[in-house]
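Below: the structure, in structure tokens.
The values are calculated or read from the model by the stated rules, or taken from the named source; none is laboratory data. A quick note: this is a predicted structure, and the numbers were derived from the prediction, not measured. Note: ideal-geometry Cβ built from the backbone for every residue, glycine included; neighbour counts use all protein chains shown. For the accessible areas, the whole protein counts, side chains as well, though only heavy atoms, and no ligand, DNA or RNA atoms are used. Shrake-Rupley method; radii C 1.70, N 1.55, O 1.52, S 1.80 Å.
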Amino acid sequence: TWSLICTRCPVACSSPDRLLAFLLPRLDTSNERTRVGTLQVMSQEYILAARVSKVAPLAIARTHVLPNIAPLIGVQASVSYAVAILAEAALSFLGLATPASVPTWGRMLHDAESYLFSSPALTIWPALAIAVAVLGFNLLGDGLRDLLDPKLRGCDGDRGRSEAAAAS
């Protein structure tokens, strides 16, 4: 956590777009996960069959690789946004991310700390907003995965969804 504060605080204080400042350091891990997912898809037999059939590499990437790694990219992006919200709120709560004049959920929690027992709603609403935003981005990632994953779009996935809908 100390490295998080040291590496992201100067960028967050000087950048007009704080969320982007928190997302940029995560690109290296996202790129690595995307690369691993791509290599895993490229090792499948249907990719070899497409290569043997002399399908153009761009067509292979567009029709086979991208649909299989799109859920991974969507989940990574939504989790990155959730982590950025949490990091910005934590650093703002500590007084390290933004100037005191900039309203953020973390700053609101910090300012309401002295009123915790006399007026608890001052701390409940910003904390609830953080929790709902993080939960929303996580659910968005799950929904994107369900929507984009070709394994769930096949016959078994559709049958499973219709059976689940009929059961409820």
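Brief remarks on what is shown
- Cut-off under 5 Å, modelled amide H: who pairs with A97 long-range: S92
- Taking Cα centre as origin and charging only the Cβ of basic (Lys, Arg, +1) and acidic (Asp, Glu, -1) residues, the dipole magnitude of the range 48-159 rounds to 680 debye.
- Cα-projected label distance for K54 with E113, points at 7 Å along beta-carbon direction, nm: 7.0
- Extending 7 Å from the Cα toward the beta-carbon at both L128 and Q44 defines two label points whose distance is 4.4 nm.
- Unit charges at the beta carbon, dipole of the range 66-157: most positive-side option, M108, A82, L96: A82
- Modelled FRET efficiency - R0 25 Å, S30 with L94, Cβ distances, 0.05 increments: 0.45
- Derived scalar couplings ³J(HN,Hα) [the range 58-70; Karplus, 6.51 cos²θ - 1.76 cosθ + 1.60; whole Hz; x for Gly, Pro]: 5, 5, 4, 4, 6, 8, 10, 7, 4, x, 8, 9, 4
- Share of carbon and sulfur in the accessible heavy-atom surface of the range 65-124 [1.4 Å probe, %]: 75
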